[in-house]
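Below is one structure, written out as structure tokens; comments come after it.
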Amino acid sequence: MKTIFITGASTGLGKATALLFHSKGWKVIATMRDVTKGSDLAKLENITVLSLDVTDPAQIGETAAKALTLGAVDVVFNNAGYGLGGPLENLTDSEIVQLFDTNMLGTIRVTKAFVPHFKERRQGLFIAATSMAGLMAVPFNTIYNASKFAIEGWTEGMFYELGLFNIGIKTVAPGIIKSHFGENAIWAVGEEYKEAFDRSMASFDFRSYFSTPEMIADIVYEAATDGKKQLRYVAGEDVNRHFAQYEELGRQGYVDQLATKVIK
Ligand SMILES: NC(=O)c1ccc[n+]([C@@H]2O[C@H](COP(=O)([O-])OP(=O)(O)OC[C@H]3O[C@@H](n4cnc5c(N)ncnc54)[C@H](OP(=O)(O)O)[C@@H]3O)[C@@H](O)[C@H]2O)c1
């Protein structure tokens with residue numbers, strides 16, 4: 001029986017991934033900040049719920065060690081993350097630091113905790129949830145953009161390093177997922193930016209073809225099981241449409257076009 005270790009499994013994509021892998025006969029280590037949110041998962045055979053805040057390095061070490069006492073881990077899914085939106089000058093330093101601590105450093109720290117185990121086994125796979133906002137900038141989301149771009153670039157670099165030991169690393173880059181992400185995101189849009197922000201949001205026709213957590217969990221499963229050395233899985237109809245346009249126009253062409261809608 002294979003095992004997946006998931007961060008941020010209390011809700012949304014993390015929870016849907018836990019349930020999908022469980023239904024496929026995997027053992028699941030579902031980690032979350034508040035384990036009481038995992039009481040339904042904990043009732044299922046072969047799902048273990050463990051406490052983990054990915055901004056707490058000591059707890060990462062303890063939880064990884066605890067997970068490994070239950071047996072080998074095959075896949076680590078770095079899913080925990082949240083959104084921070086608004087113009088840079090409207091965000092506080094602590095909001096910026098906290099976002100990077102979770103979305104970027106959390107992923108890097110949890111990966112580091114499992115590298116020795118995967119090296120010893122000469123197998124294993126890391127998958128990180130990035131975002132459409134990690135492939136192309138979504139205006140007024142710059143800190144979130146930066147955190148997800150960072151993980152895209154870091155993953156590409158780690159591909160070589162981990163490849164030495166037959167360890168894989170991939171990203172799954174979703175567009176909009178109908179989850180708790182919207183309500184958990186922190187937004188700060190000052191009056192001065194409001195109109196441009198609204199124009200920017202209107203230029204992305206996200207809402208009509210968003211994904212469900214279950215749809216993206218299917219792609220995580222594909223990434224975990226297809227045996228390919230594919231770096232990135234662009235996940236969802238919305239992001240596939242936007243990213244195809246981005247690639248067709250090229251970075252400068254896409255930015256020039258979007259700028260005509262946002263900058264008046
Ligand atoms: N929803 C979207 O539109 C969208 C689009 C692209 C990418 N993504 C990415 O997909 C991933 C999952 O998001 P989602 O849509 O499932 O959102 P969600 O429903 O808000 O779930 C986010 C999860 O991350 C957890 N989390 C936040 N900070 C954490 C921390 N410090 N330590 C451990 N867990 C933490 C949350 O735990 P608590 O229950 O404790 O808050 C929750 O379990 C994120 O990385 C997100 O950036 C989402």
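The values are calculated or read from the model by the stated rules, or taken from the named source; none is laboratory data. Computed from a predicted model, the values in this text were never measured in an experiment. Backbone-built Cβ (ideal geometry, glycine too); neighbour counts: all protein chains shown.
Quick rundown of the values:
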item: Residue that is farthest from the ligand (Cβ to nearest atom), among those in the range 89-104 that are within 15 Å of Phe149 (Cβ to Cβ) and not polar (S, T, N, Q); result: Ile96
item: Matching residues in the range 166-186 - criterion: being near the ligand (Cβ under 7 Å from one of its atoms) and hydroxyl-bearing (Ser, Thr, Tyr); result: Ser179
item: Criterion (more than 8 Å from the ligand (Cβ to nearest atom) and not basic (Lys, Arg)) met by exactly one of Leu52, Leu20, Leu13; result: Leu20
item: Test result for Ala202, at pLDDT 95 or above and away from the ligand (no atom under 16 Å from the Cβ); result: no
item: For Leu125: the one exception among (1) under 30 Å from Lys2 (Cβ atoms); (2) within 13 Å of the ligand (Cβ to nearest atom); (3) aliphatic (A, V, I, L, M); (4) in contact with a Lys or Arg (Cβ under 8 Å, 6 or more places away or on another chain); result: (2)
item: Subset of the range 64-121 [closer than 30 Å to Ser200 by Cα and among the polar types (S, T, N, Q)]; result: Asn78, Asn79, Asn90, Thr92, Ser94, Gln98, Thr102, Asn103, Thr107
item: Residue list for the range 111-122, restricted to those being within 16 Å of the ligand (Cβ to nearest atom) and either within 14 Å of Lys2 (Cβ to Cβ) or without any contact (Cβ under 8 Å) to a residue 40 or more places away in the chain (or both); result: Lys112
item: Residue, nearest to the chain's Cα centre (by Cα), within the range 208-224, restricted to residues that are more than 13 Å from the ligand (Cβ to nearest atom) and free of Cβ contacts under 8 Å to residues at least 60 places away in the same chain; result: Glu222
